[in-house]
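The structure appears below as structure tokens.
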């Protein structure tokens, strides 16, 4: 997705919740059954089926192979995200803020939960992935610098071993600021301190990467949860459509 997409999608998600929170100020009991209420319902429901279609294409290899000849999975993911936000907005507008039936209330609540979980999971996951890649690139550079610093110290094994007592933070402070070693030893001292700082930075980065990878594993659980929530949403949506047909398409009357 493009750089500005998270901001735009975030604005649409915020709009979705603003529309939902409007029910104390506005309620139109007849709008959902009116012509324009029906139009919004049909368009919104159709858009909400796009994410389902994307999930089917993504998981069935034969279908994916055929579809990707005409559209990349990256573009379809973008459609999945936008349709997954625009559809619920139109569906909530269709309600006219009339939340009376248990099915309607459950459907509206599940719609908000699915959209919010999808938004948070998608963009946090993408952010963590970018962070891991950036830290891995930085770790590679630090490892190279550490290797070079270690090779340099190996050329002075006796002098380097004499500086071993000064490898801790406090003793390095004494060595650097309070003691006045010979110029040659002072140069070696700074190299030892630099090598130790590189090692500490590598350790910190490895720990940070490990922590982010734990979050990545957590997001796999999130993905399964999101799929389960989406399945519940589609079941409720199917019941809602069936009930609308069963009790009559009043907006075409």
(request) Using only the Cα atoms of segment 49-127, build the gyration tensor, take square roots of its eigenvalues as a ≥ b ≥ c, and label the shape rounded, prolate or oblate: rounded if a/c is under 1.5, else prolate if a/b is larger than b/c, else oblate. (result) prolate
(request) Classify segment 1-99 as rounded, prolate or oblate from the Cα gyration tensor: take a ≥ b ≥ c as the square roots of its eigenvalues, call it rounded if a/c is under 1.5, otherwise prolate when a/b beats b/c and oblate if not. (result) oblate
(request) May I ask you to derive the FRET efficiency for residue 120 and residue 46 from their Cβ-Cβ distance with R0 = 35 Å, giving the value to the nearest 0.05? (result) 0.90
(request) Please order 58, 74 by the number of other Cβ within 10 Å, starting at the fewest. (result) 74, 58
(request) With r as the distance between the Cβ atoms of residue 55 and residue 130 and R0 = 25 Å, compute the FRET efficiency 1/(1 + (r/R0)^6) and round to 0.05. (result) 0.55
(request) Rank by packing, highest mean first: peptides 8-21, 85-98, 234-247, with packing defined as the count of other Cβ atoms within 10 Å averaged across residues. (result) 85-98, 8-21, 234-247
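Between residue 202 and residue 141, what length in nm is gained on full extension when 0.36 nm per residue of separation is reduced by their alpha carbon distance?
Contour length minus Cα-Cα distance gives 21.0 nm.
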(request) Provide the FRET efficiency to the nearest 0.05 for the residue 15-residue 155 pair, computing r from the beta carbons and using R0 = 51 Å. (result) 0.20
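Read-outs throughout are calculated quantities, based only on the coordinates presented, and are distinct from any laboratory measurement. On a predicted model such as this, the values are computed, not experimentally measured, just so you know. Ideal geometry is used to build each Cβ from the backbone, glycine not excepted, and the neighbour counts take in all protein chains shown.
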